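This report refers to the structure that appears directly beneath it.
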Amino acid sequence: MASRLVDPSPRSYPPSVSFVRRAGPILRAVGETDTFADIQNWLLEEAATEREMLHLLVKLITRMKAAGSLVDRLTLHIGTLHPQLVGFAWVWNSDDGFCDEVRVADATVASDAYKLNPLQRIVETGETIRREPNDLSAQAEFPIMAELAAAGMTDYAAIPLCGLDSRNVITIATKSPGGFREAEFDCLMDLFKLFALHVQRHSELRISENALGAYLGSGAAAKVLEGAIKRGAGDSIRAVIWVSDLRNFTKMSDALAPADMLVLLNAYFEAMASAVSAHGGETLKFIGDGMLAVFPVTEGVAEAARAAASAAREAIARLEAYSRKIRVASAAKGQPLLRAGIVLHEGEVFFGNIGAPDRLDFTVIGAAVNEACRVEALTKTIGRDLLMTEAVARHLPHDVEHLGEHQLRGVSARMAVYGLPDDTSKRRARLCPP
């Protein structure tokens, strides 16, 4: 029987904070020494080559401890530009030596814990905050001080890292009797002025990654950041292609107010894109009520085909669940239910930059994409929510049924088309006739 992995240092975070990864423990080697002057030189030179903030912070803390720093707890908070996140944070303490990287959701800024935290004050005022956690007035001002006092901390400081983003903050605390020595505190303040430059660099890089990822998809964003920005730059890849659109879009647009239509469109795209992402695919673009995604062939066509089919089933199930919810909520209005037509096809495509010299799009093009779009039109005439070509269906022999060969517009050869044998579309039709 396989043994279960046990977290050597379990930590709990609020619901709006999600764990990303961990480094450490940070241990000071016997006989290893450093000076604050050496750390400053390191920040001015070698530290600039470190691309991961987690690794950079671990190295900084390691060197601080080797220099005799009394720091027993350190956190770093970086604001970002992201549709769902307010920022990232890193949390280290000397009790276990581990440094955790976490994501901080937008909901955090609305919580009482944040509103009564020194971080919120710094974002508003830019001032450095230093308190004694055992002081009752400090605990009344900032409830987190009581937690720090219970952990044995005697001195705490939250320091803004000056730069373009006022949300970049570092906090330090110590268990040392009497708190930080003033000479050390001054040295740390000088270090953090240099460290702030690295934080700003990493923050801007993370913002670039987030913004490009939100608009291009993670795979395309990575390629652009790697330098693939010239027109025609890209790769020929094999992939399972996903093409989908929303049923009755015109009818719903006529019947619903723009704000209500926007809510439905977002729910539809969320169901589609989240299912694609959950099964390893990548959403490339939204075109009106349509969506284009790919499942790159990395381990074999069969695996990509099964992943795409699973994603399609999940997306249809999510739409069905949402449709039941909105039907109950607005039955009196006769609001149409959400349905989608999804097509899966496989082939070789060009994955890269196309467009005008000064206005590019990172997408996939090729005959396989055109064929998938042509098959998508059949979802309406055949009356199925999910169709697959033989290139995909042959890897799912027990999960599909043949629906005949069809002539596609602009395609010379007739194409065999397959659907789900349990006929999900017919079940849905009973809820909402096409």
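The values are calculated or read from the model by the stated rules, or taken from the named source; none is laboratory data. What you see is a predicted model; the values in this text were computed from it and never measured. All Cβ positions, glycine included, derive from the backbone under ideal geometry; neighbour counts span all protein chains shown. When the accessible area is computed, the model is the full protein with side chains, heavy atoms only, and any ligands, DNA or RNA have been set aside. Shrake-Rupley method; radii C 1.70, N 1.55, O 1.52, S 1.80 Å.
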Using DSSP loop states and a limit of at most 13 other Cβ atoms within 10 Å to flag GluC sites (Glu not before Pro), what is the longest stretch of the chain containing no flagged site? 300-434
Over the chain, what is the percentage of antiparallel beta bridges among all DSSP beta bridges, to the nearest 5? 95
Kirkwood Rh over alpha-carbon pairs of the stretch 77-130 plugged into Stokes-Einstein at 4 °C, 1.567 mPa s gives a D in µm²/s of 104
Cα centroid of the stretch 109-179 to Cα centroid of the stretch 342-409, whole Å: 55
Before I look further, what does the stretch 199-334 give for accessible area per residue, probe 1.4 Å, in whole square angstrom? 49
The answer for V411, listing residues at least 5 apart or on another chain whose modeled amide H is closer than 5 Å to its amide H, is none
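Can you give me the Rg/Rh ratio for the chain, using Cα atoms for both radii and the Kirkwood formula for Rh?
On the way: Rg = 27.3 Å, Rh = 25.4 Å.
Reported Rg/Rh (Cα atoms, Kirkwood Rh): 1.08.
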Once phi is turned into θ = phi - 60°, what whole-Hz ³J(HN,Hα) does the Karplus curve with 6.51, -1.76 and 1.60 give for every residue of the stretch 47-61, x standing for Gly and Pro? 4, 5, 8, 7, 9, 9, 4, 4, 5, 4, 5, 4, 5, 5, 5
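Leaving out ligands, DNA and RNA, what percent of the accessible area of the chain is carbon and sulfur, probe 1.4 Å? It would help to have the intermediate numbers written out before the result.
Details: 11870 of 21590 Å².
Roughly 55 percent of what the probe reaches on the chain is carbon or sulfur.
Normalized C-alpha radius of gyration of the stretch 147-192, against 2.2 N^0.38 Å? It would help to have the intermediate numbers written out before the result.
Details: Rg = 12.1 Å, N = 46, 2.2 N^0.38 = 9.4 Å.
Compared with the compact-globule rule of thumb, the stretch 147-192 sits at 1.28.
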Label D399 and L194 with points 7 Å out from Cα along Cα→Cβ: what is the distance between them in nm? 5.6
Listed by chain and number, the residues whose amide H is under 5 Å from that of D155, excluding neighbours fewer than 5 places away on the same chain and using placed H, are T174
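With the other protein chains left in place, how much accessible area per residue, in square angstrom, belongs to the stretch 83-183 at a 1.4 angstrom probe?
Numbers: 4640 Å² over 101 residues.
Accessible area per residue: 46 Å².
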For the stretch 88-94, 3J(HN,Hα) per residue [Karplus equation, 6.51 cos²θ - 1.76 cosθ + 1.60, θ = phi - 60°, Hz, x = Gly/Pro]: 10, 9, 10, 10, 10, 9, 6
If you bin the C-alpha pair distances of the stretch 117-246 every 10 Å from 0, what whole percents do you get? 11, 27, 24, 14, 13, 9, 2
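Over all directions, average the projected area of the Cα convex hull of the stretch 220-319 and note it in nm².
Details: hull surface 31.0 nm².
In nm², the orientation-averaged hull projection of the stretch 220-319 is 7.8.
Give the calculated FRET efficiency between K325 and A255 to the nearest 0.05, with a Förster radius of 22 Å applied to their Cβ-Cβ distance. Spell out each step's value before the answer.
On the way: r = 18 Å, r/R0 = 0.83.
Efficiency, rounded to the nearest 0.05: 0.75.
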Expressed as a percent, the portion of alpha-carbon pairs in the stretch 6-111 spaced more than 20 Å apart is 47
Quick one: if you stick a label point 7 Å off each Cα along the C-beta vector at E147 and A233, how many nm between them? 4.4
Kindly provide the pair-distance distribution of the stretch 170-265 built from C-alpha pairs, with 10 Å bins from 0 and whole-percent values in order of increasing distance. 11, 20, 18, 20, 14, 11, 6, 0
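So which of K115/K285; K59/K230; K285/K380; K325/K380; K65/K193 end up more than 26 Å apart, counting from Cα to Cα?
Numbers: K115/K285 37 Å; K59/K230 36 Å; K285/K380 22 Å; K325/K380 24 Å; K65/K193 18 Å.
Exceeds cut-off: K115/K285; K59/K230.
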Per the Kirkwood formula over distinct C-alpha pairs, the hydrodynamic radius of the stretch 356-419 in angstrom is 13.1
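How large is the helix-only mean residue ellipticity at 222 nm for the chain, computed as the sum of -39500 (n - 2.57) over DSSP H runs with n ≥ 4, divided by its residue count, in deg cm²/dmol to the nearest 500? Mind showing how you got there, number by number?
Details: 14 runs with 170 residues, N = 434.
Computed mean residue ellipticity for the chain: -12000 deg cm²/dmol.
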Long-range amide H contacts for G87: which residues qualify at under 5 Å (H placed 1.01 Å from N, peptide plane, sequence gap of 5 or more or a different chain)? T80, V104
